[in-house]
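Report on the structure given below.
The values are calculated or read from the model by the stated rules, or taken from the named source; none is laboratory data. As the structure is a prediction and not an experimental result, all values here were calculated from the model. With ideal geometry, Cβ positions are generated from the backbone for all residues, glycine too; neighbour counts draw on all protein chains shown.
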Amino acid sequence: MANSNLHPVTLTFANRELERKFREHYHQRAVIRFRWAMVLAIALYSIFAILDSVSVGELWPRIWFIRFALVNPLLLVALLLSFRKRFFIRYYQEIASLSILVGGGGILAMLALIPDPALYLYSQGLILVIIYNYTFLGLRFVRASLNCLLIIIGFEIVSLMVNPLPSHVFINNNFFLISANLIGMAVAYYLEKLNRDNFLHGISLRKLAEVDSLTGLLNRGFFMDEVKRLLSRDSGVEWRSAFCLLDLDRFKEINDRLGHMVGDDILMNLGQAIRRKMRASDLIGRLGGDELGFFFPEIKDEQDIFNIFVKLKGEFQAVTKGIEWPITFSVGCVIIGPETRELFQCYARADRALLRAKQSRDYLIMVDDREAVIMEKKL
């Protein structure tokens, strides 16, 4: 797939639009998992309060303040934000990262207060945070690595300057923290790459189901379904669309005289010209044989539609100039107002306009939803 190369370190797609779609898709799938992760995190943070009651002596009120007045409320806020779905999907990585840093920061705050020997026990809680960071929340490799780097730096500051650990305990804890971090980085890298590969495979499978293999345009079924969906929308504003049918002139003669292989080449060239010249917001599909359908969701001026087909004709003739046959096409269009929502009616009106255009060849005829001619021009 073009521009789908991954950056070897950041694991981002070279194509910005592809990267945007991946993140949106990935974050949508992560919402439910994030909610369960936050519920479990709050539960674990609360259950470990039992350890406080037997390990930290008179300090337990201060430790409980960290647990129940600082960390758990912030994790609860993150959980509630997940129900503002559009906002949450947009800022998923930031919210999940802050949740990790809150959880890790809470443990570091406890380590700054607790005396030994209980101090040695609480540093193991950072391992649980690292596991969450790299696996449960679905954070991207780069963000997860940055989160753990900040947590480890915080641990070094607390253990060396705020509440110093004995050297042998400090070395032991660092050994396990850094080892867990390296393992987590490898797992996160592999999981993100796997998710991105699966995303690309999913796109490829959808294209096989949606795209006509000869022209590279949408196939009939998917095109018609998408047009129906767009026609049935209720945007609350006045909008006009255009539905057009394009048919190659004398295409049967081309097949009979030059052969079907040449005919297929012409259709492939037409598909190539369309993909170069048409806008991303427009729907174009092959309806059968040499007939193509065009749906322009929102138009401002009828002349714009005519100009699009003039440019398409120029591009098409440029890519077929090696064929010794005058290749042209005719177009029939219907302008659709907000009151017209039936695809069958639009198709029938555009088809009748196309039949009239083909009588003259190389023409575009455009009608309104009452089939009054708006435009009749040679392309």
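Observations, loosely collected:
- Looking only at segment 1-40, and only at residues there that are part of a helix (DSSP H, G or I) and of a type in the set (Phe, Trp, Tyr), the one that is surrounded by the most Cβ atoms within 10 Å (Cβ to Cβ): Phe34
- Leu11 passes every criterion in (1) of a type outside the set (Lys, Arg); (2) without any contact (Cβ under 8 Å) to a residue 60 or more places away in the chain; (3) within 22 Å of Gln93 (Cβ to Cβ) apart from (2).
- Any chance Lys313 is of a type in the set (D, E, K, R) and either buried (at least 19 other Cβ atoms within 10 Å of the Cβ) or in contact (Cβ under 8 Å) with a residue 24 or more places away in the chain (or both): yes
- Test: residue in segment 189-197 that is closer than 30 Å to Arg220 by Cα and surrounded by 13 or more Cβ atoms within 10 Å (Cβ to Cβ): yes
- Listed by position, the helices (runs of 4 or more DSSP H) contained in segment 72-140 that have at least 2 residues being among the small types (Gly, Ala, Ser) and crowded, with 20+ Cβ neighbours inside 10 Å are 92-111.
- First in segment 92-110 and over 24 Å from Ala30 (Cα atoms) and assigned by TED's automatic domain parsing to the domain that holds Ala78, second anywhere and part of a helix (DSSP H, G or I) and of a type in the set (S, T, N, Q), Cβ under 9 Å, 6 or more apart: Gly106/Asn72
- Enumeration of residues in segment 104-129 that are within 15 Å of Leu150 (Cα to Cα) and hydrophobic (A, V, I, L, M, F, W, C): Ile107, Leu108, Ala109, Leu126, Ile127, Val129
- Residue in segment 214-229 that is in contact with a helix residue (DSSP H, G or I) (Cβ under 6 Å, 6 or more places away or on another chain), surrounded by fewer than 16 Cβ atoms within 10 Å (Cβ to Cβ), farther than 30 Å from Lys378 by Cα and not assigned by TED's automatic domain parsing to the domain that holds Phe306 present: no
- For segment 41-56, residues that are without any contact (Cβ under 8 Å) to a residue 24 or more places away in the chain and either buried (at least 17 other Cβ atoms within 10 Å of the Cβ) or of a type outside the set (Val, Ile, Thr) (or both) total 4.
- Condition check for Arg67: touching a Phe, Trp or Tyr at 6+ places or on another chain (Cβ under 7 Å) and either at pLDDT 90 or above or of a type outside the set (A, V, I, L, M) (or both): yes
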